[in-house]
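Shown next, in structure tokens, is the structure this report addresses.
Please treat every number below as a calculation from the coordinates, not as lab data. Here the structure is a predicted model, which means the values were calculated and not measured. Cβ coordinates were reconstructed from backbone atoms using ideal geometry, including for glycine residues, and neighbour counts include every protein chain displayed.
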């Protein structure tokens with residue numbers, strides 16, 4: 001019977017965490033009006049969450065695009081279809097790799113930083129201090145970070161895809177001799193604005209919400225000790241990565257039938 | 001004396017709150033009570049942190065809440081500040097029942113309370129000046145020039161005007177607490193709660209903090225609640241002391257009265273005696289049987 005009790009306890013704990021996460025989201029949404037009055041808070045977080053993540057996204061985008069160019073050329077040239085290399089690179093990036101890899105990198109870089117920052121603020125009583133100064137820490141500290149994460153993710157995914165397309169172009173056109181005009185023309189004619197680009201943007205917005213929400217919740221809900229903060233950052237990366245991969249499948253199935 | 005076992009297995013007196021009166025600790029009139037706690041019960045899981053606690057904190061004085069580590073002294077401050085909700089009982093601050101207030105009313109009340117956290121709780125991304133200015137910028141519409149003057153005056157009061165451009169990471173522990181104290185008095189509150197203000201301080205910092213607490217209390221005519229287990233420093237400035245242990249108030253009175261007329265447990269705590277009702281040895285079988293018995 002012990003295993004049954006343990007299973008029940010585990011289930012209750014998970015339900016309680018989900019409940020707390022939802023309540024936290026509601027509380028953060030309650031701070032949106034305040035954020036409109038204080039846009040500076042959002043700008044600061046856009047810098048810390050978004051701009052400081054650009055480098056890793058940009059470098060990764062270029063290399064992923066270059067690898068796609070190489071692999072794509074290798075496979076397509078077997079069928080004499082290397083002229084469609086641009087389409088293959090762009091479609092892979094815009095539909096899948098852009099949103100997914102950006103979200104995974106975002107979780108590793110910005111998500112873990114968010115969780116650690118909020119967890120440390122909790123451990124050093126800064127959040128309690130704000131409460132005692134009659135300042136709502138959920139509105140003042142968490143809401144700007146949530147909105148910054150949601151706004152940053154699609155922009156970072158767009159940057160990733162754009163630089164990936166250039167990486168594929170560099171390898172395909174620059175090194176392997178694919179025709180420059182064909183590379184771009186095929187891409188322009190085959191990539192659909194709504195079906196491909198629009199759905200990729202929707203995915204990245206969803207991933208932005210999920211990754212930022214998980215990071216903020218893990219930091220806010222952590223045990224306020226060094227070990228607790230460390231566990232929160234680890235959980236942020238693990239839970240965000242699993243959520244992104246799982247949601248990607250669901251969204252892809254829904255979007256592309 | 002009747003005794004019972006503490007959660008650590010130590011014997012402690014059966015706890016009936018004793019008020020030890022002396023000329024310095026006459027109960028204040030009802031209207032002079034700033035914080036009134038009645039029948040407070042608070043549990044963490046199955047463990048009772050407070051089990052029917054009654055405390056009156058008078059206006060204008062320094063009231064110390066003392067007791068061993070882990071007795072819930074910090075929890076008591078969080079309950080008074082409305083950061084935690086009691087399982088039973090009421091807490092009134094300045095006539096307002098804290099846990100019956102709406103969020104807006106609670107925040108309004110908190111603007112009249114200051115709290116000095118054990119760690120200082122300074123915002124690490126702001127410098128000293130901005131930390132002290134934070135509550136002023138949040139809750140007042142003072143122009144930058146007036147804010148600057150007020151911040152520098154508050155920092156002057158704690159002796160750190162010259163450090164206003166430093167970051168929290170550049171401050172010593174004692175300086176951080178003084179900056180936090182300047183921030184706590186920024187809005188001229190009616191009361192300040194101090195959470196273990198002396199812990200981990202060198203003798204000079206400790207002396208500075210002791211003097212500051214008393215001086216600010218008297219000069220600004222505020223009320224102070226000091227939670228601490230540093231007996232000597234706290235008794236030096238306290239007008240009234242509550243000793244709590246195992247979820248109850250054991251005794252209360254002036255420091256002098258507690259030293260002279262306190263029960264056995266209180267005398268051990270106040271005197272820092274190694275042995276007494278809280279025994280030096282953790283409960284164990286006899287030494288002889290442990291050394292030479294069957295298990296040896």
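Note down, for chain A, the three equivalent ellipsoid semi-axes (square root of 5 times each alpha carbon gyration tensor eigenvalue), biggest first, whole angstrom.
Values: eigenvalues 316, 87, 48 Å².
Computed over chain A, the values are 40, 21, 16 Å.
Can you give the FRET efficiency for residue B:105 and residue B:44, using 1/(1 + (r/R0)^6), R0 = 35 Å, r = Cβ-Cβ distance, to the nearest 0.05? Let's see the in-between values first.
On the way: r = 27 Å, r/R0 = 0.77.
Given R0 = 35 Å and the Cβ-Cβ separation, E is 0.85.
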Among B:208-219, A:96-107, B:247-258, how do they line up by average Cβ neighbours within 10 Å per residue, starting with the highest? A:96-107, B:247-258, B:208-219
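Starting from the Cα gyration tensor of region B:53-208, take the square roots of the eigenvalues, sort them a ≥ b ≥ c, and report rounded, prolate or oblate (rounded when a/c is under 1.5, otherwise prolate if a/b is larger than b/c, else oblate). Could you put the intermediate results ahead of the total?
Details: a/c = 2.14, a/b = 1.33, b/c = 1.61.
Note, shape of region B:53-208 comes out oblate.
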If one builds a Gaussian network model of chain B from Cα atoms under 10 Å apart, the most fluctuating residue listed among B:236, B:138, B:92 is B:138
Of the candidates B:221, B:44, B:161, which one comes out as most mobile in a Gaussian network treatment of chain B with C-alpha springs shorter than 10 Å? B:44
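Could you tell me the calculated FRET efficiency between residue B:232 and residue A:250, based on Cβ-Cβ distance and R0 = 60 angstrom, to the nearest 0.05? Walk me through the numbers on the way to the answer.
Values: r = 64 Å, r/R0 = 1.07.
The value I calculate is 0.40.
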I'd like the orientation of helix A:143-169 relative to chain A: the angle between its Cα long axis and the longest Cα principal axis, in ° from 0 to 90, rounded to 10. 20
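Taking the number of other C-beta atoms within 10 Å as the exposure measure, put A:54, A:250, B:226 in order starting with the fewest. Intermediate values should be presented prior to the final figure.
Values: A:54 14, A:250 10, B:226 29.
Lowest to highest Cβ neighbour count: A:250, A:54, B:226.
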Cβ-based exposure ranking for A:220, B:282, B:242, in which fewest neighbours within 10 Å come first: B:282, A:220, B:242
Using alpha carbons only, how many degrees (0 to 90, rounded to 10) separate the axis of helix A:199-220 from the longest principal axis of chain A? 30
Separation between the residue A:166 and residue B:220 pseudo-spin-labels, each 7 Å from Cα along Cα→Cβ, expressed in nm? 5.5
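If you take each beta carbon of peptide A:132-142 and count the beta carbons of other chains within 10 angstrom, what is the mean? Display every interim value, and only then the final one.
Values: counts 16, 16, 13, 7, 2, 0, 0, 0, 1, 1, 0.
Mean inter-chain Cβ contacts per residue within 10 Å come to 5.
Take the alpha carbon gyration tensor of the protein assembly as shown, find the square roots of its eigenvalues, order them as a ≥ b ≥ c, and report rounded if a/c is under 1.5; if not, report prolate when a/b exceeds b/c, else oblate. It would help to have the intermediate numbers written out before the result.
On the way: a/c = 2.89, a/b = 2.01, b/c = 1.44.
The shape class here is prolate.
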Any chance you could give the angle, 0 to 90 degrees and rounded to 10, that helix A:180-190 forms with the longest Cα principal axis of chain A? 60
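Among A:169, A:3, what is the fewest-to-most ranking by other Cβ atoms within 10 Å? Don't skip to the end; give the middle numbers.
Working: A:169 22, A:3 7.
Going from least to most buried by this count: A:3, A:169.
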Residue B:281 versus residue B:165, label points 7 Å from Cα toward the beta carbon: distance in nm? 6.3
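Could you give the alpha-carbon Rg of chain B over 2.2 N^0.38 Å, rounded to two decimals?
Details: Rg = 21.0 Å, N = 296, 2.2 N^0.38 = 19.1 Å.
This ratio for chain B stands at 1.10.
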Most to least packed among B:58-69, A:193-204 [average Cβ atoms within 10 Å]: B:58-69, A:193-204
Please give, to one decimal in nm, the separation of the simple spin-label points placed at residue A:189 and residue A:242, each 7 Å out from Cα toward the Cβ. 4.6
Cα-Cα P(r), region A:90-216, percent of pairs per 5 Å interval: 2, 11, 17, 16, 13, 11, 9, 7, 5, 4, 3, 2, 1, 0
Let me confirm one metric for peptide A:120-128, namely the mean number of other chain beta-carbon atoms within 10 Å of its residues' beta-carbons. 5
Cβ-Cβ FRET estimate between residue B:96 and residue A:223, R0 fixed at 51 Å, reported to 0.05: 0.95
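Please compute the average number of Cβ atoms from other chains found within 10 Å of each residue's Cβ in peptide B:115-125. Before the final figure, lay out each step's value.
Working: counts 6, 2, 6, 1, 6, 4, 10, 4, 7, 5, 5.
Rounded to a whole number, the mean comes out at 5.
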Summing -39500 (n - 2.57) over every DSSP H run of at least 4 in chain B, dividing by its residue total and rounding to the nearest 500, the 222 nm mean residue ellipticity is -10000 deg cm²/dmol
